[in-house]
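A.B. asks: Got a structure here, written out as structure tokens. Questions coming.
The values are calculated or read from the model by the stated rules, or taken from the named source; none is laboratory data. As the structure is a prediction and not an experimental result, all values here were calculated from the model. When we count neighbours, we look across all protein chains shown, and the Cβ atoms used for this are built from the backbone with ideal geometry, even at glycine. Surface accessibility is based on the protein's heavy atoms, side chains included, excluding ligands, DNA and RNA. Shrake-Rupley method; radii C 1.70, N 1.55, O 1.52, S 1.80 Å.
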Amino acid sequence: ENIATKFMQVKTHGLTPILCIGETLIEREAGVMEMVVAKQLDTIISMYGAAMFADAVVAYEPIWAIGTGLAATPVQAQNMHEFIRGRIAAHDAAAANSLKILYGGSVNPQNAVQLFSVNGIDGSLVGKCSLQAQDFVKICQAAEDVCEAVAERSLL
């Protein structure tokens with residue numbers, strides 16, 4: 001509820017909030033990751049309505065991946081991103097369509113292209129690798145390469 005209130009305050013002051021949500025490794029291994037993420041989203045929806053997600057940013061950051069060097073597989077990330085958008089769309093399709101969903105959780109030069117290539121991942125929230133200029137540049141280049149490839153495919 002505290003985070004939901006902060007999220008609403010940011011929105012009402014004309015800023016774009018970034019809501020970070022995710023599950024622990026124990027929750028993922030138990031298969032309850034969607035239930036955990038749903039509860040995080042539903043708190044905002046029940047307190048302020050799904051329209052709060054219009055033009056907002058949600059970062060799916062599996063807690064077990066933050067700073068560990070582990071990252072969700074592209075399939076895991078895609079499934080959770082689809083779940084997040086679908087959960088919000090069930091309450092407000094327009095808000096879900098304008099929402100940006102980022103992946104965060106040990107994004108690095110080695111996995112960036114795979115993650116950016118996943119349908120439904122709108123970008124990334126880069127942590128530790130943003131502190132190393134060479135790594136961050138490689139991640140940015142990966143994002144640019146994927147965007148160019150997508151644009152090229154749409155022209156065909």
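A.B. asks: May I ask you to list pairs of residues, at least six apart or on different chains, whose Cβ atoms are under 8 Å apart, with the first in region 1-16 being more than 15 Å from ASP42 (Cβ to Cβ) and the second being in a helix (DSSP H, G or I) and open to solvent by less than 70 Å² (accessible area, probe 1.4 Å)?
C.D. replies: If the second residue must be in a helix (DSSP H, G or I) and open to solvent by less than 70 Å² (accessible area, probe 1.4 Å), the pairs left are LYS11/MET52; THR16/VAL10.
A.B. asks: Of the conditions (1) in contact with a His (Cβ under 8 Å, 6 or more places away or on another chain); (2) at negative phi, GLY120 fails just one. Which one is it?
C.D. replies: (2)
Each row is one residue, and each column tells you yes or no for (1) under 17 Å from HIS91 (Cα atoms); (2) of a type in the set (Val, Ile, Thr).
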residue: THR24; (1), (2): no, yes
residue: VAL36; (1), (2): no, yes
residue: LEU41; (1), (2): yes, no
residue: ILE44; (1), (2): yes, yes
residue: TYR48; (1), (2): yes, no
residue: ASP55; (1), (2): yes, no
residue: ALA59; (1), (2): no, no
residue: ILE66; (1), (2): no, yes
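A.B. asks: Also, quick follow-up: Which of (1) modelled with pLDDT of 95 or more; (2) among the aliphatic types (A, V, I, L, M); (3) under 25 Å from ILE44 (Cα atoms); (4) out of contact with any strand residue (DSSP E or B) (no Cβ under 6 Å at 6 or more places or on another chain) is the odd one out, the single condition ILE66 does not satisfy?
C.D. replies: The single condition ILE66 does not satisfy is (1).
A.B. asks: Right, here's the next one. Taking into account only those residues within region 97-122 that are within 12 Å of GLY69 (Cα to Cα) and out of contact with any strand residue (DSSP E or B) (no Cβ under 6 Å at 6 or more places or on another chain), which is most open to solvent (accessible area, probe 1.4 Å)?
C.D. replies: Keep residues of region 97-122 that are within 12 Å of GLY69 (Cα to Cα), which gives 104-111.
Adding the requirement that they be out of contact with any strand residue (DSSP E or B) (no Cβ under 6 Å at 6 or more places or on another chain) leaves 105-106, 108-111.
On the way: GLY105: 3, SER106: 24, ASN108: 28, PRO109: 29, GLN110: 149, ASN111: 21 Å².
Within region 97-122, the match that is most open to solvent (accessible area, probe 1.4 Å) is GLN110.
A.B. asks: I've got another one for you. So, of the residues in region 123-132 that are open to solvent by 70 Å² or more (accessible area, probe 1.4 Å) and without any contact (Cβ under 8 Å) to a residue 24 or more places away in the chain, which turns out to be farthest from the chain's Cα centre (by Cα)?
C.D. replies: My answer is GLN132.
A.B. asks: Mind checking which helices (runs of 4 or more DSSP H) fall wholly inside region 1-96 and carry at least 3 residues that are open to solvent by less than 20 Å² (accessible area, probe 1.4 Å)? Give the steps one after another, and end with the answer.
C.D. replies: Working: elements: 2-12, 25-29, 33-48, 74-89.
In region 1-96, 33-48, 74-89 are the helices (runs of 4 or more DSSP H) which contain 3 or more residues that are open to solvent by less than 20 Å² (accessible area, probe 1.4 Å).
A.B. asks: For region 134-156, give me each residue that is among the hydrophobic types (A, V, I, L, M, F, W, C), at pLDDT 95 or above and over 21 Å from ILE66 (Cβ atoms).
C.D. replies: The answer is VAL137, and nothing else.
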